[in-house]
1. Assess whether Tyr164 counts as being open to solvent by less than 10 Å² (accessible area, probe 1.4 Å) and of a type outside the set (A, V, I, L, M).
2. Examine segment 163-174 for a residue that is modelled with pLDDT of 95 or more, among the hydroxyl-bearing types (Ser, Thr, Tyr), over 19 Å from Arg30 (Cα atoms) and touching a Gly at 6+ places or on another chain (Cβ under 9 Å), and state whether such a residue exists.
3. Testing His196 on (1) at pLDDT 95 or above; (2) part of a loop (DSSP other than H, G, I, E, B); (3) buried (at least 16 other Cβ atoms within 10 Å of the Cβ), one condition comes back false. Which one is that?
4. Restricting attention to segment 92-129, report how many residues are modelled with pLDDT of 95 or more and in a helix (DSSP H, G or I).
5. Could you identify the single residue in Ala72, Ala9 that is out of contact with any Gly (no Cβ under 6 Å at 6 or more places or on another chain) and either free of Cβ contacts under 8 Å to residues at least 12 places away in the same chain or of a type in the set (Phe, Trp, Tyr) (or both)?
6. Regarding Arg57, is this residue of a type in the set (Lys, Arg) and under 13 Å from the mean Cα position of the chain (by Cα)?
7. Being on the phi < 0 side of the Ramachandran plot, basic (Lys, Arg) and under 15 Å from the mean Cα position of the chain (by Cα), is that true of even one residue in segment 16-29?
8. Determine whether segment 177-186 contains at least one residue that is aliphatic (A, V, I, L, M), touching a Leu at 6+ places or on another chain (Cβ under 9 Å), at pLDDT 95 or above and surrounded by 12 or more Cβ atoms within 10 Å (Cβ to Cβ).
Amino acid sequence: MDFTFRYAALGDSFTEGVGDDDPTRPNGVRGWADRVAEQLGAADPGFGYANLAIRGRKLRQIMAEQVDAAVALKPTLVSIYAGANDILRPKVDIDDLLVDYDAGIRKLKATGATVVMFTGFDSRGSKIFGTTRGRTAIYNELVRGIAGDHGALLVDYWRFSEYYDWGMWATDRMHMSAAGHANMAKRVLTVLEHDHSIDVPPMTPVPELNRAEAVRANARWVREFAGPWVVRRVTGKSSGDGLAPRYPQLTHL
C-alpha cells in the first residue's frame, strides 16, 4: 500500500506502551502512540503507522537501531523519546549523551518530517526516582535546546501536573497506566493541533494505607518490580531482550 502520511514512533517502554495492557496487540500492550495513530488515521485510509520502540532501550541503542529504520520509512511524522533509561543508571554523562541525540534528531529532520520530542517527567513525588530529578532537569534543558535548534515540536512532560496522581501510573510505579497513556495521547495530539475523540479511562483508585499496610505494599513492590529491575541492571540484561518492534513496517490501525 502506498501510504501518503507516514508516522514512525521511536523510543523505549514509554513509546512501546508498557503499562497499557492489551493482549490482542503485539507485545501485549497498546500505549499512547497507538492511540495517536488511531486518531490521525481515523479518516485517512492513506495513513501508515510504525512503532519501532522497545522497552529497556537506552538512548544510543535507539539512535543505532531505530533512527535509520525510521528514515527508511520516509516518514512525514516522527515522535521520539530517549534517555530515561540512561538517567536511571548509576553514572551518566548527559552532555555527551545528548550530542548523539542531537545528531539523531538532525538526521530525522533531514527527511522533511515533523519531529515530536519529549522532556522527562518531574519525579519529585517518588522517594526513589525523585533522586534523579536533577539529572532530568539538565536533560530537559538540553532537549529544549535541541528541539529549538531543529524546529522540532516539544511535548513538555515535565510540566504535566496530572501525573502526580498515582492513578496515572501502573502497579509497577515506573510506567503509565491506561489512563496515563490515554492522557499522553491527548497531550501529543494537542501539540500536533489535531482534533481527537479520546476519553481517558477511569483511573484505578489508589487506597489510603496505614503505616503497616504501606510497609507491606512497598515490600511487595520491591519483590515484584524493583528487585527484578535492579537485577537486570546488575547483570546487564534488559526487559526488552528478545523483543521485536511492535509494528516494524507501516500499517493502518
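1. no
2. Scanning segment 163-174 turns up no residue that is modelled with pLDDT of 95 or more, among the hydroxyl-bearing types (Ser, Thr, Tyr), over 19 Å from Arg30 (Cα atoms) and touching a Gly at 6+ places or on another chain (Cβ under 9 Å).
3. Status for His196: all satisfied but (1).
4. Adding up the residues that qualify gives 16.
5. Of the residues listed, the single one that is out of contact with any Gly (no Cβ under 6 Å at 6 or more places or on another chain) and either free of Cβ contacts under 8 Å to residues at least 12 places away in the same chain or of a type in the set (Phe, Trp, Tyr) (or both) is Ala72.
6. yes
7. Checking segment 16-29: not a single residue is on the phi < 0 side of the Ramachandran plot, basic (Lys, Arg) and under 15 Å from the mean Cα position of the chain (by Cα).
8. No, the conditions are met nowhere in segment 177-186.
The values are calculated or read from the model by the stated rules, or taken from the named source; none is laboratory data. Computed from a predicted structure; not experimentally measured. No Cβ is skipped: glycine too gets one built from the backbone with ideal geometry, and neighbour counts run over all protein chains shown. For the accessible areas, the whole protein counts, side chains as well, though only heavy atoms, and no ligand, DNA or RNA atoms are used. Shrake-Rupley method; radii C 1.70, N 1.55, O 1.52, S 1.80 Å.
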